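Contents: one structure, followed by commentary.
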Amino acid sequence: MKIDKFVGKLKGIEDKFGISPMALMVLDFVFKEQRKGKVTIMQVLNGFNQTSPATTHMHLKTLITKKILNSKFDQVDGRQKVLSNGFKLDALISYVEE
């Protein structure tokens, strides 16, 4: 993919879904962690080291608000919130793969 198409795709994602490139990096981290098992918000805040925990939390909140990710309380430990795929994730993946 040429750089102009790549930048155009990033701008399109930001325009269509309201997600910044850094939020995409957080989403990629969540996907990698999901391969290992369930992912909590605290795992992401402690494990994603490209931004501060506060900034990472802001990006997670954006992904949850935009319905890309879903968070709900863990059934075993009600103090933790577990992340899962939101219902708009498939639309985002389809757009990226175009």
query = How many residues does segment 16-75 contain that are free of Cβ contacts under 8 Å to residues at least 40 places away in the same chain, part of a loop (DSSP other than H, G, I, E, B) and either under 15 Å from GLY86 (Cα atoms) or not basic (Lys, Arg) (or both)?
reply = 9
request  = Taking the residues in segment 32-58 that are of a type in the set (D, E, K, R) and more than 13 Å from the chain's Cα centre (by Cα) as candidates, determine which candidate is surrounded by the most Cβ atoms within 10 Å (Cβ to Cβ).
outcome  = LYS38
key: segment 81-98, subset assigned to a loop (DSSP other than H, G, I, E, B) and surrounded by 14 or more Cβ atoms within 10 Å (Cβ to Cβ), residue nearest to the chain's Cα centre (by Cα)   = GLY86
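None of the figures in this text is laboratory data; all of them are computed from the coordinates on show. The model shown is predicted, which means the values in this text are computed figures rather than measured ones. Positions of Cβ are backbone-derived with ideal geometry, glycine not excepted, and every protein chain shown enters the neighbour counts.
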